[in-house]
1. Separation between the ALA149 and ARG116 pseudo-spin-labels, each 7 Å from Cα along Cα→Cβ, expressed in nm?
2. Could you list the chymotrypsin sites (Phe, Trp or Tyr not before Pro) in the stretch 37-94 that lie in coil according to DSSP, counting only those with at most 12 other Cβ atoms within 10 Å of their Cβ?
3. Nearest 0.05, what FRET efficiency do GLU66 and SER135 give at R0 = 25 Å with Cβ-Cβ as r?
4. How much of the accessible area of the stretch 46-158, in percent, comes from carbon and sulfur atoms when a 1.4 Å probe is used?
5. How much area per residue is accessible in the stretch 108-157 when the probe is 1.4 Å and only protein heavy atoms are counted (Å²)?
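The values are calculated or read from the model by the stated rules, or taken from the named source; none is laboratory data. If you're wondering where the values come from, they're calculated on a predicted model, not measured in any experiment. Heads up, the Cβs are rebuilt from the backbone with ideal geometry, glycines too, and the neighbour counts pull from every protein chain shown. For accessibility, only protein heavy atoms count, side chains too; no ligands or nucleic acids. Shrake-Rupley method; radii C 1.70, N 1.55, O 1.52, S 1.80 Å.
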Amino acid sequence: MSLRRRGDLPARAFCPGPAAPEAAQPVIKLVLPLEYTAFCLLHQERYLHYTRERVQDAWMSRQVVEAVLGNLATLWPTVISSPRPAAVAWRLLDALISSALRGTAPPARPVDAVHRMLPPAQADAVILRCRLRLSEAQAAELMGVEAPAVASQLRMAQRALPGELTAATSGWEGAQPGAGRVRR
């Protein structure tokens, strides 16, 4: 079964050969769909920054993002045939972050304050928009939703936490770097 479309050149990854006497065996070549490779290159850096904000541990963040991208590779035909592949990936990222946070001791890695005080979609929008300073369109693309959905989540977050977000939301579109950041 081929996971790539006809006419597309696949990305290739190589697994290291065995270190045992079987080293004379040929190296196994993995063929990754070009669309999957492009998706990873487009999203992995922002996934990593977002995950660092959530788990507040660089090593664990890298492990979570690697797991997300690895899981996406195994599900890629289903993901790419869905109406919103980015939304599928975002839900998987959230699930793996939540799982990683449940497996840590609370004093060592506290959940960020935004996710303690707001529903997940609102908290995600605040992190992407205020902490990572993505535009509404960039945040929407990453989450696999429309930009108006992000704007709506931000307005609801502002109403829920007016003391924390009111000043930040008054000029989000033209905010200065660092402005509008929510305290952890």
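1. Between ALA149 and ARG116, the simple spin-label model gives 2.8 nm.
2. Values: sites: PHE39, TYR47, TYR50, TRP59, TRP90; in loops: none.
Answer in residue order: no site qualifies.
3. According to the calculation, E is roughly 0.40.
4. The nonpolar share, carbon plus sulfur, comes to 58 percent.
5. About 39 Å² of surface per residue is accessible.
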